[in-house]
Amino acid sequence: MRRLITAAPLFCALTGAIFAQTAAPPAAQEAAEPAVAAKNDYGDGANWLCRPGRQDACAVDLSTTVISAGGELTHENWAADPNAPIDCFYVYPTISNDPGGNSDMIPGPEEKAVVRTQFARFASKCRPYAPMYRQVTITALRAALIGAPIPVDRALAYNDVLDAWNYYLEHDNKGRGVVLIGHSQGALVLSQLIKNEIDGKPIESRIISAMLLGMNLPVPKGKDVGGAFQHIPLCRAATQIGCVIAYVTFRATAPPPANTHFGKVPGENIIAACTNPAALGGGSGELRAYLGTRGGFLVSAEAAPPQWVTPAKPIDTPFVSLPGLLTAECVSNDSGSYLAVSVHGDPASPRVSDITGDLVVGGQILRDWGLHLIDVQVAIGNLIEIVGQESKAFTSTPAKK
């Protein structure tokens, strides 16, 4: 699994060749174009990782051990809400280790693991929908990076998600409000879907919010709308609906370097959007992270788990929460526009004083990736709380019912 740590976020370095409206690099153009793939049948439940009321990738144990600054451990239960009044539609990031350029439609342990870490917890506020899609694989990205590209169908991932979205609208939505959630490749696919199918169209009235995490979403400097979308603004309050939450994360002590992959977009007076889920109105706020007890979801099962308290105590839940350890604030300067995460660890405390989440290759931290691996986990508690408040605002507005 260490190869996942070193390769999973590499998708973003190649987005120009895969999703942007630019020509592919010559090497990629030389790779044979794949045959047109048959459409998926999203009426087949096997093509969904999550749907409401099933025992599937979202029906998992999400119990948490809360570790106070003094080292005390308490248990936090979690439960889905089968009567949630709104829906969530999730597109997962680059995670497939399938051998081809595009993944197959058979859920592997990696797809199930990322759903557990990034999405299943939202089912406490919304009905969960998470389609499988034939994404660009880690295998393809690794091949491109070494100059030996393999065939990739660059439209297949988007078209699958579009088909799943259209199936959901026709058969499942029934006029309900919906939150769109995506990370990395998933966020990029959703941003394209919003641009093509939602922005300025009647269906926009059903979009409660879009959470496009771990991608550089362009927006005019000093404005909340424009750039990627012409009618959908950035969210500036938890009760605001029809808006976008977007950010990329870096440690406050390690801002984006000159060669950063995140936090900068081309164009004069255009910046990468940053909305702080811990303080949408601006300023700093406490992050409510839910971290894997053994580390991030990309950490090898053979690796020694973090020692969350000293002396070590047994933790039998899959997740831990560390109240008071993390805060965040949006920063925009010459380094870029990003969510700066501050760690308030006390080395004298029995609780761990730092978090993992940096991309490490050969023992070296790659500063240009920031905390991309945990963009979602580091603020998922805040995001879920926002969905809850947005849901109340949406369902209490007569025009939205």
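Within the set of pairs 6+ apart or on separate chains, which have a first residue in the range 246-268 that is more than 21 Å from Met211 (Cα to Cα), a second that is of a type in the set (Asp, Glu), and C-beta atoms under 8 Å apart?
Filtered contacts from the range 246-268: Ala252/Glu329; Pro256/Asp368; Pro257/Asp368; Asn259/Asp368; Thr260/Asp368.
Which members of the range 331-344 meet the condition of being assigned to a loop (DSSP other than H, G, I, E, B) and either at pLDDT 95 or above or under 17 Å from Leu371 (Cα atoms) (or both)?
Step one: list which residues in the range 331-344 are assigned to a loop (DSSP other than H, G, I, E, B), which gives 334-335, 344.
Those that are assigned to a loop (DSSP other than H, G, I, E, B) and either at pLDDT 95 or above or under 17 Å from Leu371 (Cα atoms) (or both): Ser335, His344.
Within the range 338-365, take every residue that is of a type outside the set (A, V, I, L, M) and in contact with a Phe, Trp or Tyr (Cβ under 9 Å, 6 or more places away or on another chain) and give me the one that is farthest from Ala69 (Cα to Cα).
So, considering only residues that are of a type outside the set (A, V, I, L, M) and in contact with a Phe, Trp or Tyr (Cβ under 9 Å, 6 or more places away or on another chain), the one farthest from Ala69 (Cα to Cα) is Tyr338.
Can you pull out the residues in the range 202-224 that are closer than 19 Å to Gly182 by Cβ and assigned to a loop (DSSP other than H, G, I, E, B)? Even if it seems obvious, please write down each step before you answer.
Filtering the range 202-224 for residues closer than 19 Å to Gly182 by Cβ gives 203-204, 206-219.
Passing the criteria: Gly214, Met215, Asn216, Leu217.
Name the one entry in Asp163, Asp61 that is modelled with pLDDT of 95 or more and under 26 Å from Ile194 (Cβ atoms).
Asp163
Which residue, of Arg134, Arg127, is touching a helix residue (DSSP H, G or I) at 6+ places or on another chain (Cβ under 6 Å), modelled with pLDDT of 95 or more and either among the basic types (Lys, Arg) or farther than 30 Å from Thr293 by Cβ (or both)?
Answer to the selection: Arg134.
Mind checking which pairs have a first residue in the range 225-244 that is under 18 Å from Ile203 (Cβ atoms) and part of a loop (DSSP other than H, G, I, E, B) and a second that is of a type in the set (Lys, Arg) and modelled with pLDDT under 95, Cβ under 8 Å, 6 or more apart or different chains?
Matching pairs, first to second residue: Ile241/Lys400.
Could you please find all residues in the range 121-147 being more than 21 Å from Ile194 (Cα to Cα) and touching a residue at least 60 places away in the same chain (Cβ under 8 Å)?
Once the filter is applied, which keeps residues that are more than 21 Å from Ile194 (Cα to Cα) and touching a residue at least 60 places away in the same chain (Cβ under 8 Å), the range 121-147 yields Arg121, Ala123, Ser124, Lys125, Ile138, Leu141, Arg142, Ala144, Leu145, Gly147.
Can you find a residue in the range 138-161 that is assigned to a helix (DSSP H, G or I), in contact with an Asp or Glu (Cβ under 8 Å, 6 or more places away or on another chain) and surrounded by fewer than 21 Cβ atoms within 10 Å (Cβ to Cβ)?
yes
The values are calculated or read from the model by the stated rules, or taken from the named source; none is laboratory data. Because the structure is predicted, anything quoted here is derived from the model rather than measured. Every residue, glycine among them, receives a Cβ derived from its backbone with ideal geometry; neighbour counts consider all protein chains shown.
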